[in-house]
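The next block holds one structure in the form of structure tokens; read it before the comments.
Nothing in this text is a laboratory measurement; each read-out follows from the coordinates by a stated rule. Everything quoted here is computed from the prediction, not taken from an experiment. Cβ atoms come from the backbone with ideal geometry, glycine included; neighbour counts cover every protein chain shown.
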Amino acid sequence: MQYCYFIKHLAEGQYELRFPDFIGAKELFSSEEEAHKEAMNIFLEAVQTRFENKQRVPEPSPVDNCQGTLNVPSTFGELIVQHNMIMEQLCEIQDVNE
């Protein structure tokens, strides 16, 4: 499982890292290198927020034309898939009860 990210140079000493699959998953860094190093942490924070809010984790978009790709360890990718399956089941249960 790979997630795409982009780093945009905004101004001198200011770089924005963002994951297009996660609305709001962005952070500012003082260098492009720092942004690349922190990509996994930003990704994990975005996934943790989804888990805590009982929201599905988005499927990764195609990685064409990305500045960077984040390789998600297979065990963590399996956890994401399981989480999404549970969220789907909960939605089905809520639909039946409404």
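Observations, loosely collected:
- Gain in span if fully extended, residue 41 to residue 2, counting 0.36 nm per residue against the direct Cα distance: 12.6 nm
- Unpaired by the 4.7 Å Cβ criterion, cysteines found in the chain: 91
- Acute angle (nearest 10 degrees) that the helix 74-97 long axis makes with the longest principal axis of the chain, alpha-carbon atoms: 40
- Normalised contact order of the chain, rounded percent, pairs of Cα under 8 Å and 6 or more residues apart: 31
- Only one of [x] 69; [y] 100; [z] 115 was calculated from the structure for volume of the Cα convex hull per residue in Å³, and its label is [y].
- From helices alone, the chain scores -16000 deg cm²/dmol at 222 nm; the rule is -39500 (n - 2.57) for each run of n ≥ 4 DSSP H residues, then divide by the residue total.
- Restricting the chain to trypsin sites (Lys or Arg not before Pro) that sit in a DSSP loop and have at most 13 other Cβ atoms within 10 Å of their own Cβ leaves 54.
- Nearest-0.05 FRET efficiency for residue 76 and residue 14, computed from C-beta distance (R0 25 Å): 0.25
- Taking only the Cα atoms of segment 9-48, the radius of gyration and Dmax are 9.9, 31 Å.
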